[in-house]
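The values are calculated or read from the model by the stated rules, or taken from the named source; none is laboratory data. All values reported here derive from a predicted model rather than from experimental measurement. Glycine gets a Cβ as well: all are built from the backbone with ideal geometry, and neighbour counts include every protein chain shown. With ligands, DNA and RNA removed, areas are computed over all heavy atoms of the protein, side chains included. Shrake-Rupley method; radii C 1.70, N 1.55, O 1.52, S 1.80 Å.
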Amino acid sequence: MVASEETTVEMEVESVEPSLPLSLRIVAWFLIVIGGLSFAQTLWGLLAGHLNLDLLAFLFLVAGNGLLKRKRGWRTFVLVICWIVFVLLGACLGMIFVAPDTFYVSVGGMRQTAQEAPLLALLFIAVVGAIFGGIYGVLTRPHIRSLFLGAQKI
């Protein structure tokens with residue numbers, strides 16, 4: 001009878017993180033660009049002698065970076081912002097129909113009320129809703145959500 005020797009091979013398994021899906025990278029870079037443009041606008045305003053600080057847009061810069069690094073807390077932050085935007089868009093939609101003279105849309109330096117340009121006001125709400133709806137849709141996909149499970153909170 002031949003004695004069989006059992007050989008064990010120990011392999012070092014590197015923890016290979018899956019690459020980020022394109023949709024998540026697009027959302028993250030969109031937020032980074034928005035934050036960067038806000039930062040540039042703030043610097044431009046300081047050069048012109050006035051302070052124009054948009055703290056939320058600065059946070060988008062950090063949140064986009066957090067999404068690229070799979071930080072769970074920044075994913076939650078962006079999802080909360082999406083819900084806040086949805087509620088505010090609902091309020092804006094109500095204002096357009098109830099008091100259209102109190103809802104202003106500024107495009108290219110021209111400020112118009114929803115009463116003067118109702119289609120422009122509705123287009124504004126639709127575009128902002130589509131952008132944040134897309135962001136929310138990407139961040140709530142099961143595959144994307146699983147990338148943030150077990151990740152650091154902030």
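Things to note:
- In nm, spacing of pseudo-spin labels at ASP54 and LEU122 (7 Å Cα→C-beta vector): 2.6 nm
- Neighbours of ILE135, meaning other residues whose beta-carbon lies under 13 angstrom from its beta-carbon, give a summed charge of +3 when Lys and Arg score +1 and Asp and Glu score -1.
- A quarter of the convex hull surface defined by the alpha-carbon atoms of the stretch 72-154 gives 6.4 nm² as the mean projection.
- With every protein chain in place, the chain: carbon and sulfur % of accessible area (1.4 Å): 67 percent
- Zone of SER19's modelled label, taken as backbone nitrogen in the stretch 63-93 under 18 Å from a point 7 Å along Cα→Cβ: 68-70
- Applying 1/(1 + (r/R0)^6) with R0 = 41 Å to the Cβ-Cβ distance of GLN41 and VAL98 gives a FRET efficiency near 0.80.
- Kirkwood hydrodynamic radius (C-alpha pairs) into Stokes-Einstein, the stretch 14-81, 20 °C and 1.002 mPa s, D in µm²/s: 166 µm²/s
- In the stretch 66-95, trypsin sites (Lys or Arg not before Pro) in a DSSP loop with at most 16 other beta-carbon atoms within 10 Å: LYS69
- Projecting the Cα positions of PHE97, PHE30, ALA126 onto the charge dipole of the chain (unit charges on Cβ atoms of Lys, Arg, Asp and Glu, taken about the Cα centre) puts PHE97 furthest along the positive direction.
- Gaussian network model of the chain, Cα within-10 Å springs - most flexible of LEU20, LEU59, LEU46: LEU46
- Once the mean of 1/r is taken over each pair of separate Cα atoms and inverted, the stretch 51-120 shows a Kirkwood hydrodynamic radius of 14.4 Å.
- For the chain, the C-alpha radius of gyration divided by 2.2 N^0.38 Å, with N the number of residues, is 1.56.
- Nearest 10 degrees, 0 to 90: helix 118-139 Cα axis against the chain principal axis: 10 degrees
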